[in-house]
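The values are calculated or read from the model by the stated rules, or taken from the named source; none is laboratory data. Values in this document were obtained by computation on a predicted structure and should not be read as measured data. Reconstructed Cβ throughout: ideal geometry from the backbone, glycine too, with neighbour counts over all protein chains shown. Quick note on the areas: whole protein, heavy atoms, side chains included, nothing else; ligands and nucleic acids left out. Shrake-Rupley method; radii C 1.70, N 1.55, O 1.52, S 1.80 Å.
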Amino acid sequence: MAFGTTSSQHKSKKRSQSAAFFIFRLLSFSVVAILIVILGFILIQGISVISWDFLTEMPREGMTAGGIYPAIIGTLCLVAGSMIFAFPIGILSGIYINEYAKDSWFKRFIKLMTNNLAGVPSIVFGLFGMTLFVNQFGFGDSILAGSLTLGLLALPVVIRTTEEALKSIDDSFRIGSLALGATKWQTTSRVVLPMAFPNIITGLILSIGRVSGETAPILFTVAAYFLPKLPNSIFDQVMALPYHLYVISTSGTNIEASRAMAYGTAFVLIMIVLLANLLANWLRRYFGKKVKMN
Amino acid sequence: MNSVETKDVHLYYGDFHALKGITMAMKKNQVTAFIGPSGCGKSTYLRCFNRMNDLIDGVRIEGDILIDGVDIYKTNIQVDDLRKHVGMVFQKPNPFPKSIFENVAYGLRVNGTKDKKFIEERVERSLHQAALWDEVKDKLKKSAFELSGGQQQRLCIARALAIEPSVLLMDEPTSALDPLSTAKTEELIHQLKENYTIVIVTHNMQQAGRVSDHTAFFYLGELVEYAKTKTLFTNPKDQRTQNYITGRFG
Amino acid sequence: MKRYFHNLGERIIEGLIMISGTVTSITVLLIVFFLFKEGLGIFSQTPVAEGSVISVHPQNPVQELTANEVKEIFDQNITNWKEVGGADAHIQLFQIDDITDYYTEEQIGANFEYLPQRLNELVTKDPNMLAFFPEEYLAPDFKGKRVELAKISLGGFLGGREWYPTIQPAVQLGVLSLILGTLWVSLGAIIIALPLGLATAIYLAEIANPRVRNILKPVIELLAGIPSVVYGFFGLVVIVPLIQDVFGLPVGETALAGSIILGIMALPTIISVSEDAMRTTPRAMKEASLALGANKWQTIYKVIIPYSMSGISTAAILGMGRAIGETMAVLMVTGNASVIPHTFLEPVRTIPATIAAELGEAPQGGIHYQALFALGCILFLMTLLINLTVDFVSAKRKENR
């Protein structure tokens, strides 16, 4: 075969490549199509329900009319509560794993446990939260119990995010700081953490999006079926958006009549996730540009 | 007078015997250069002087290392105090992602200095000493990353000088720099030895010849020969030193 | 002095960091402790419905019945005492509603005040009687023999096909159908998600240009971020009716609906894990293949895929783990019938969905409550097994590098 001529073998090689690549491209874009269908369907059906009243009124008439105000407030309380718990512990834990722990069986054990906790199904968190926080600690069905359960669920995500962010910081910065007589904590807090901050914050925002949509962990720790008032303390029960959506789409008093309410609730849930993702992407780009400028 | 003195220092990375009984003394206000082929232990040895090897898991050190007469591996020595006393400049410039000013002030701040005026004066003086002041005096608030590689390295030197160490360790400080920046740095080393004891690790024998008063040649974890730089380069006593200098291995 | 406080502060922070580092481990241990403490309680329980008595004539030789035997008797599938180890005689069933067949209202009393006495008479009169009645009507001097139900055994729990945790007179706690239902739906999800996910991973890792990647990556991230209850809702209002129409089924809530939704939910895990694995293929290896005249596609399937096989299998296992543990979406679309599935077009019920649906109604500390915790244990062990497998595989992979 002379170099440069096109053999039939070459042709079939090329054909199989284009066929394969075409299929891959098609399947990849079908993933995008799935997302567009889901988002599009819920956003289109939901947008007509959304109004100022829907967002700020109590549910009425067996949750077939009115708004979802208490569920929005409830979810806000739960997200805030879980993050107050999960952020500090998760970040410190990530610092421990990446900065402090020596390479020993103990570190491997902690990493293994963190990985395993990340794989524990959310309903098991619900069972655990109910026995430990609701019953054992006597918090009852409350914001406190729900927040702690959600916080534990978010912990592995926060830890992993922190760990990854810290890992990407070059060791030369740590060594440079230590060589100037800085202590380990000074090095971590003044040099390493500020550098890792953009990545950590991006991960945290994404985890907020996740936590706000979790249902199973709050089923038996806080969520109220119908409670048209706002909480007064962290020992109160609240309604929550994801549970509310579950209730009115499967077991409400009149499922057909509350369908519009369900679309509206799903819309709000999607918007929270969408905004969290957009914000995270924007931050990534913003910080990315800043780094490039340097 | 000896600034750094070591007696029979052995260092192990796990099972690997990296330094084999090194005894030597480095004089105050002199430049001592460590040369030798890669992996000969010269950098490892240098890092013993400010206990940077502590950061690596599985390192074991035997023998005595005295800096200004104090045994630095004694238990009552605070390692961060030691590092304040023994500054270090690295192979690759590693300024922090902070402003030029904050980079130099960092060492002062972490050591508890709060006096603003004092910090400003010290930063200016250190930048002067590092021959960088004129180039950066108008952009102290700018990010250190905006400086060129050579400027960054001099910034790192200024950063080390700001905490007034008595010994300055330099680990191949010019290997990542262009020839012009290298020349500037070497000139700087010359000026600095008036006030500091300098120990420099270098791959570049010409550099050792240009900047140092004494030179030590390391090979396979051993100190083969240690003498006045001129003597070592012109009249080496050991065959291995001669082979290295004449380029027969390395 | 200043030095001292400086060091003290450093020590305190170090301690705090270390303590935080152990929180996840402690949580896992606590989860195991509480889950198993409640869950294992089931094996010391007898499966008789709460507050009920099963009783026979005092001379009846039968001492103990299993939950299943009781159910079969009450379903009239067992009608002779011989079949459960007694004499050859017909079993005379008695439930509390049957009381009027034997006594007049006067004899019972307007407020059932004579009922305990009558029940006592009944059981001692008919030697073939098997009576089931609420404990509150148990006379203080009851002369009948209370039949013990066999304790729930591990084999009976895992191997039992029937899950009727509140049925009278003896609860049926067999989880086989739930375990199979969980695996069935998850397997379906992986079958749907794996080809799609793998193709996308290959496309992202090797084919797509950076601009397309920058679009696809956030899309996948978003897919991972959508709450499961929204997936469930979407499944309920779109996919379930669709399946019902397409296959002409009486109900659209089927294993297939669950698998489709779970498959979509497992996609992000599968894509990102297998893409990461493919990206670690050494450049030199790819270049060697290209230099030998292989084109890009040949390099992908002859070099990159074999090289990243362990990563791809990790992705599949992890995706399976996500699917097994998923609760809300499955609860909303699979119909939750506790029967062993035979096709994808039947309703099924998974373990997480069972816990979510029933725990609210199970009285705390009761047999049903404990049974749900035992289900939680099974679920935990399944996912633990999956996680440990993944840890093992990835540790192996690192070793081989």
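A residue that is touching a residue at least 60 places away in the same chain (Cβ under 8 Å) and touching a Pro at 6+ places or on another chain (Cβ under 9 Å) occurs somewhere in segment C:30-48. In segment C:27-55, of all residues being at the interface with another protein chain (Cβ under 9 Å from one of its Cβ atoms) and open to solvent by 50 Å² or more (accessible area, probe 1.4 Å), the one that is nearest to C:Q92 (Cα to Cα) corresponds to C:K37.
Determine, yes or no, whether B:L155 is more than 14 Å from every other protein chain (Cβ to nearest Cβ), part of a helix (DSSP H, G or I) and buried (at least 21 other Cβ atoms within 10 Å of the Cβ). Spelling it out, it is not the case that B:L155 is more than 14 Å from every other protein chain (Cβ to nearest Cβ), part of a helix (DSSP H, G or I) and buried (at least 21 other Cβ atoms within 10 Å of the Cβ). The residues of segment C:263-306 that are within 11 Å of another protein chain (Cβ to nearest Cβ) and more than 15 Å from C:L198 (Cα to Cα), listed by number, are C:G293, C:A294, C:N295, C:K296, C:Q298, C:T299. I need the full set of residues from segment C:362-401 which are among the acidic types (D, E) and within 11 Å of chain A (Cβ to nearest Cβ), in order please. Once the filter is applied, which keeps residues that are among the acidic types (D, E) and within 11 Å of chain A (Cβ to nearest Cβ), segment C:362-401 yields only C:D391.
Here C:E105 passes the criteria (1) within 43 Å of the chain's Cα centre (by Cα); (2) open to solvent by 40 Å² or more (accessible area, probe 1.4 Å) except the one numbered (1). Can you tell me how many residues within segment A:37-59 are surrounded by 12 or more Cβ atoms within 10 Å (Cβ to Cβ) and within 14 Å of another protein chain (Cβ to nearest Cβ)? So the answer is 9. The criterion of at least 3 residues that are of a type in the set (S, T, Y) and open to solvent by less than 50 Å² (accessible area, probe 1.4 Å) is met by the following helices (runs of 4 or more DSSP H) wholly inside segment B:178-250: B:179-192. From the list B:N94, B:N103, the one residue that fits, being part of a helix (DSSP H, G or I) and either modelled with pLDDT under 95 or closer than 24 Å to C:G9 by Cα (or both), is B:N103. Restricting the search to helices (runs of 4 or more DSSP H) fully inside segment C:207-305 and requiring at least 3 residues that are closer than 23 Å to C:R322 by Cβ and either over 39 Å from the mean Cα position of the chain (by Cα) or not aliphatic (A, V, I, L, M) (or both) gives C:210-225, C:228-234, C:255-279. On the stretch given as segment B:2-20, residues that are on the phi > 0 side of the Ramachandran plot and either modelled with pLDDT of 90 or more or among the aliphatic types (A, V, I, L, M) (or both) total 1. Open to solvent by 50 Å² or more (accessible area, probe 1.4 Å) and touching a strand residue (DSSP E or B) at 6+ places or on another chain (Cβ under 9 Å) - does that describe any residue in segment A:17-29? No, the conditions are met nowhere in segment A:17-29.
Kindly check whether there is at least one residue in segment A:116-134 that is more than 7 Å from every other protein chain (Cβ to nearest Cβ), over 22 Å from the mean Cα position of the chain (by Cα) and free of Cβ contacts under 8 Å to residues at least 40 places away in the same chain. No, segment A:116-134 contains no residue that is more than 7 Å from every other protein chain (Cβ to nearest Cβ), over 22 Å from the mean Cα position of the chain (by Cα) and free of Cβ contacts under 8 Å to residues at least 40 places away in the same chain.
Exactly one residue among C:P116, C:P165, C:P218, C:P134 is open to solvent by less than 70 Å² (accessible area, probe 1.4 Å), in contact with a helix residue (DSSP H, G or I) (Cβ under 8 Å, 6 or more places away or on another chain) and under 20 Å from C:L372 (Cα atoms), and that residue is C:P165. Taken as a whole, segment A:93-104 holds no residue that is under 16 Å from A:R210 (Cβ atoms), surrounded by fewer than 16 Cβ atoms within 10 Å (Cβ to Cβ) and more than 11 Å from chain C (Cβ to nearest Cβ).
Answer with yes or no whether A:L206 is in contact with a Ser or Thr (Cβ under 9 Å, 6 or more places away or on another chain), surrounded by 23 or more Cβ atoms within 10 Å (Cβ to Cβ) and within 11 Å of another protein chain (Cβ to nearest Cβ).
no
Among the conditions (1) within 14 Å of another protein chain (Cβ to nearest Cβ); (2) over 20 Å from B:I189 (Cα atoms); (3) open to solvent by less than 40 Å² (accessible area, probe 1.4 Å), the only one that B:N50 does not satisfy is (2). Looking at segment C:205-219 only, could you name the residues that are aliphatic (A, V, I, L, M), facing chain A (nearest Cβ under 7 Å) and under 25 Å from C:I260 (Cβ atoms)? The answer is C:L216, C:V219.
Kindly check whether there is at least one residue in segment A:68-80 that is under 25 Å from C:M18 (Cα atoms) and open to solvent by 20 Å² or more (accessible area, probe 1.4 Å). Checking segment A:68-80: at least one residue is under 25 Å from C:M18 (Cα atoms) and open to solvent by 20 Å² or more (accessible area, probe 1.4 Å). Restricting the search to helices (runs of 4 or more DSSP H) fully inside segment A:101-173 and requiring at least 3 residues that are closer than 23 Å to C:G365 by Cα gives A:122-129, A:143-167.
In the set (1) basic (K, R); (2) buried (at least 22 other Cβ atoms within 10 Å of the Cβ); (3) more than 25 Å from C:L40 (Cα to Cα), the condition left unmet by C:R349 is number (3). C:G159 falls short of the stated requirement of being exposed (fewer than 15 other Cβ atoms within 10 Å of the Cβ) and farther than 30 Å from C:A337 by Cα. Residues that are in contact with a strand residue (DSSP E or B) (Cβ under 9 Å, 6 or more places away or on another chain) and either open to solvent by 20 Å² or more (accessible area, probe 1.4 Å) or without any contact (Cβ under 8 Å) to a residue 12 or more places away in the chain (or both) within segment C:174-184 comprise C:L176, C:L180, C:W184, listed in sequence order.
Just one of the listed residues (B:D57, B:D8) is in contact (Cβ under 8 Å) with a residue 24 or more places away in the chain, in contact with an Asp or Glu (Cβ under 8 Å, 6 or more places away or on another chain) and open to solvent by 60 Å² or more (accessible area, probe 1.4 Å), and it is B:D8.
When the residues of segment A:174-197 are narrowed to those that are polar (S, T, N, Q) and in a helix (DSSP H, G or I), which ends up nearest to A:I95 (Cα to Cα)? Among them, the one singled out is A:T188. Scanning segment A:135-147 for residues that are within 12 Å of chain C (Cβ to nearest Cβ) and crowded, with 24+ Cβ neighbours inside 10 Å yields no hits at all.
Checking C:I202, C:I190 one by one, the residue that is open to solvent by less than 30 Å² (accessible area, probe 1.4 Å), within 28 Å of A:A19 (Cα to Cα) and facing chain A (nearest Cβ under 8 Å) is C:I202 and no other.
Only residues that are at pLDDT below 90 and not in a loop (DSSP other than H, G, I, E, B) were counted in segment B:28-51, giving 0.
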